[in-house]
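Throughout, read-outs are computed from the coordinates displayed, never taken from laboratory work. Note that this is a predicted model, so its numbers are computed, not measured. In this analysis, Cβ positions are derived from the backbone assuming ideal geometry, glycine residues included, and neighbour counts consider all displayed protein chains.
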Amino acid sequence: MGNKPNNNLKLAPGVRVIIRAFDDISEHAFLIDEVHDDCVCGQALTGPLSGAYGEPEIEMILRVID
């Protein structure tokens, strides 16, 4: 994929981001509920995980979409 994470992201609860593709899961939108040092917690908004809770690592975030 060649996409590199943006280390200057302004992450906060309520922010929507794009999570990079991994395994058999395509790139998808994600709503952040909590921000931690190494990951965010929240819910997938699109794709096959839509509606599912997740804790993706911050490095998996490609960009903010809000």
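Using Cα-Cα distances under 8 Å and only pairs 6 or more residues apart, what relative contact order does the chain have, in percent? Numbers along the way, then the final one.
Details: 141 pairs, mean separation 23.9, N = 66.
Result for the chain is 36 percent.
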Review point. So how do PHE30, PHE22 line up by other beta-carbon neighbours within 10 Å, fewest first?
Key: PHE22, PHE30
Revision key, fill the gap. Sorted by chain and number, the residues with a modelled amide H under 5 Å from that of ALA21, at a separation of 5 or more or across chains, are GLU27
Review point. Where does the Debye-calculated log10 I(q)/I(0) of the chain sit at q = 0.14, 0.19, 0.26, 0.30 Å⁻¹, using only Cα point scatterers of equal weight, no solvent?
Key: -0.33, -0.62, -1.22, -1.60
Study note, to complete from the structure: For the pair ALA21 and GLU34, the simple spin-label estimate (label points 7 Å beyond Cα toward Cβ) gives in nm 3.1
Study note, to complete from the structure: Residues whose built amide H sits under 5 Å from the amide H of LEU45, excluding neighbours closer than 5 in sequence, are ALA29, PHE30, LEU31, GLY51
